[in-house]
Amino acid sequence: MNGRMKNLVAIVTGGGSGFGESICQAFAREGARLVVADFNAPAGERVAQALRSQGYTAEFCPADVSSSADMARLAETAVARFGRIDVMVNNAGISHRNQPMLEVTEVEFDRLYQVNVKSIYLSAKYCVPVFRRQGGGCFINIGSTAAVRPRPGLSWYNGSKGAVVLLTKSLAVELAPEKIRANAINPALGETPLLTTFMGTADTPETRARFLASIPLGRLCQPSDVANAAVFLADPASEFITGVCLDVDGGRCI
């Protein structure tokens, strides 16, 4: 199969819905072989099966990205099935509901940082050795405009994505001598299952209008917007791009 990612092997966490599902679809169209990872097994298997039914190569692997054992198994599955890993997309993420910062419980805070931040550590722990053996590889971390222009009511989520952005830059500078790249994508508020969580209320026309007013291009981020950016960063033609945190935000962070 031809395409910008012909013969590349990619892992996409949170691949069962939202941005992750669209990234899987875009990567497959560009010729990548995929390991779709998700905590929600039926959702992840649905995406992998749909790709296979279209003639693409995709395998589902259940994974809690905060679990060392799960992330180890994820990397092992990719290597066992395809012999290598070229692109690791850390897309899986959660948020607390938009609310006053002191109303977020300690349990919610801990889980937020386990999923959004510890997952970056674990992906490095298990993918970097594979990348080193191959002579290179690529991380794509899904950050957020929350790390650049934080919204009130999402303080702890904002902080977790700030960590993702800085970790991306840190991975980039430390691993560059080994031809291992790391880039991030910062989406604006998007049409995903987390939309009402970020809004903190029902998705009414009035609420949506209030959020759209903060985005100069006047619409929400679509999963395809993020997927197209991910293809660009994964493409071997982008081999000289590392440490970039690409705002896919319709101008929100200007």
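The values are calculated or read from the model by the stated rules, or taken from the named source; none is laboratory data. Remember, predicted model here, so these are calculated numbers, not experimental data. Cβ sites come from the backbone with ideal geometry, for glycine too, and all protein chains shown count toward neighbours.
Overview of values
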read-out	value
Residue identified as of a type in the set (A, V, I, L, M, F, W, C), touching a helix residue (DSSP H, G or I) at 6+ places or on another chain (Cβ under 8 Å), surrounded by fewer than 18 Cβ atoms within 10 Å (Cβ to Cβ) and at negative phi among Ala182, Ala202	Ala202
Residue list for the stretch 153-162, restricted to those being surrounded by fewer than 20 Cβ atoms within 10 Å (Cβ to Cβ), in contact (Cβ under 8 Å) with a residue 12 or more places away in the chain and either part of a helix (DSSP H, G or I) or within 18 Å of the chain's Cα centre (by Cα) (or both)	Ser155, Trp156, Gly162
In the stretch 68-99, the residues that are farther than 24 Å from Lys6 by Cα and without any contact (Cβ under 8 Å) to a residue 40 or more places away in the chain	Ala69, Asp70, Arg73
Some residue of the stretch 85-96 being within 22 Å of Asn183 (Cβ to Cβ), out of contact with any Pro (no Cβ under 6 Å at 6 or more places or on another chain) and part of a helix (DSSP H, G or I)	no
In the stretch 1-15, the residues that are of a type outside the set (A, V, I, L, M) and either more than 21 Å from Cys127 (Cα to Cα) or surrounded by fewer than 24 Cβ atoms within 10 Å (Cβ to Cβ) (or both)	Asn2, Gly3, Arg4, Lys6, Asn7
Lone qualifier among Arg181, Arg210 - being assigned to a helix (DSSP H, G or I) and of a type in the set (Lys, Arg)	Arg210
Criterion violated by Val65 - all others in (1) without any contact (Cβ under 8 Å) to a residue 60 or more places away in the chain; (2) assigned to a loop (DSSP other than H, G, I, E, B); (3) under 29 Å from Leu189 (Cβ atoms); (4) in contact with a Gly (Cβ under 7 Å, 6 or more places away or on another chain) satisfied	(4)
Residue satisfying condition, being within 21 Å of Glu59 (Cα to Cα), more than 20 Å from the chain's Cα centre (by Cα), at pLDDT 95 or above and crowded, with 17+ Cβ neighbours inside 10 Å, within set Phe131, Phe82	Phe82
